[in-house]
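Enquirer: Mind looking over this structure? Questions follow.
Every read-out reported here was derived from the displayed coordinates using simple, explicitly stated rules and does not represent laboratory data. What you see is a predicted model, and the numbers here were worked out from it, not measured in a lab. With ideal geometry, Cβ positions are generated from the backbone for all residues, glycine too; neighbour counts draw on all protein chains shown.
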Amino acid sequence: MSTVLITGATGFLGHTLCPYLVERGYRLRALVRPSSAWAFLRPLGVELAWGDIRDAEAVRTATKGCRAVVHAAGKFRFWGRREDFFAINLEGTRNALEAARRAGVERFIYISTIAVAGAPRTGTVIDEEYPTNPQDDYQRSKLEAERLTLRYHREQGLPTLVLRPGAFYGPGGRYAFNRLFFEDPLKGLPVQVHRGRHITFP
């Protein structure tokens, strides 16, 4: 069976995605930093490739022999240095794309974010054709990485797919949606979303 490389395997999405894929018979390799919380991957039988997404050589080594890449590694914060967002989210994606091209992978899946749409008007339905309007360096870096991914498809013939998920929530999550919809109600606190207005994601 061919191997699938997962970047960002130790993140919130990776904690759910890796067991899901293993249960369905996929053989996984994960690019992980020694300092990350990778221990849960061992019992799943995931092969560990040590390295950082910013290290092009480490990414190339991890990608060799893989049939597909799911690139979920990224820096997500509401604040931070511009250079950090772009070094990880854009240049890290460049490393992953180039490694995938060299390895001849059959599919490259990039996990972007619905946030590249910016702050649309209340009641606006956002689809694939909705104009992007990033508001901060996180969103800008993710949009630039999207564009780079699609350029590799057009110019290099790499089979790519860009996904723009909404907010993640669920077991093990430490983000605001978990607090708003699970932790606070369990404490008897009222649910307040965006000044009392509704926010919906597909």
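Enquirer: About the Cα centre of the chain, what is the dipole size in debye to 20, counting +1 per Lys and Arg Cβ and -1 per Asp and Glu Cβ, all else neutral?
Expert: The dipole of the chain has a size of about 140 debye.
Enquirer: When Lys and Arg each count +1 and Asp and Glu each count -1, what net charge do the other residues less than 12 Å away from Ala68, Cβ to Cβ, add up to?
Expert: Neighbourhood net charge equals +3.
Enquirer: Where does the longest stretch of the chain lie that holds no trypsin sites (Lys or Arg not before Pro) found in a DSSP loop with 16 or fewer other Cβ atoms within 10 Å?
Expert: Within the chain, the longest run free of exposed trypsin sites (Lys or Arg not before Pro) spans 122-173.
Enquirer: Given the -39500 (n - 2.57) contribution per DSSP H run of 4+ residues, what per-residue ellipticity at 222 nm results for the chain, rounded to the nearest 500 deg cm²/dmol?
Expert: Dividing the helical sum by the residues of the chain leaves -8500 deg cm²/dmol.
Enquirer: Which is farthest toward the positive dipole end of the chain among Val191, Gly166, Leu48, measuring Cα position about the Cα centre, with Cβ charges +1 (Lys, Arg) and -1 (Asp, Glu)?
Expert: Leu48
Enquirer: If you don't mind, there's one more thing I want to ask. In terms of the Cα gyration tensor, with a ≥ b ≥ c the square roots of its eigenvalues, is the range 1-71 rounded because a/c is under 1.5, prolate because a/b exceeds b/c, or oblate? Mind showing how you got there, number by number?
Expert: Working: a/c = 1.81, a/b = 1.17, b/c = 1.55.
Taking the square roots of the gyration eigenvalues as a ≥ b ≥ c, the range 1-71 is oblate.
Enquirer: Give a quick list of GluC sites (Glu not before Pro) in the range 50-123 that DSSP marks as loop, anything other than H, G, I, E or B, with at most 16 other Cβ atoms within 10 Å.
Expert: Here the sparse-neighbourhood loop sites are Glu106.
Enquirer: Choose one answer from Tyr138, Tyr130, Tyr110: the residue with the largest mean-square fluctuation in a GNM of the chain with alpha-carbon springs under 10 Å.
Expert: Judging by the Gaussian network model, the answer is Tyr130.
Enquirer: Tell me, what is the percent relative contact order of the chain, built from C-alpha pairs under 8 Å that lie six or more residues apart?
Expert: Relative contact order here is 18 percent.
Enquirer: Ranking request for peptides 38-49, 12-23: highest mean number of other beta-carbon atoms within 10 Å first, then the rest in descending order. Intermediate values should be presented prior to the final figure.
Expert: Details: 38-49: 14.8, 12-23: 17.2.
Highest-to-lowest ranking by the protection proxy: 12-23, 38-49.
Enquirer: Something else now. Based on the Cβ-Cβ distance from Thr61 to Arg154, what FRET efficiency comes out when R0 is 41 Å, to the nearest 0.05?
Expert: 0.95
Enquirer: Using +1 at the C-beta of Lys and Arg and -1 at the C-beta of Asp and Glu, which of Gln156, Ala119, Phe182 has the Cα lying farthest in the positive direction of the dipole of the chain?
Expert: It is Phe182, whose Cα lies furthest towards the positive end.
Enquirer: D for the chain, whole µm²/s, Stokes-Einstein with Kirkwood Rh over alpha-carbon pairs at 37 °C and 0.692 mPa s: what number?
Expert: 183
Enquirer: Mind checking which of Thr124, Thr149, Thr132 has the largest fluctuation in a GNM of the chain, springs on alpha carbons under 10 Å?
Expert: Highest fluctuation among the options: Thr124.
Enquirer: With only alpha-carbon atoms in the gyration tensor, what are the semi-axes of the equivalent ellipsoid for the range 75-154, in Å, largest first?
Expert: Semi-axes, largest first: 24, 17, 8 Å.
Enquirer: Sticking with this structure for a sec: Okay, which of the range 109-140 sit inside 16 Å, backbone N to the point 7 Å along the Cα-Cβ direction of Arg82?
Expert: 134-140
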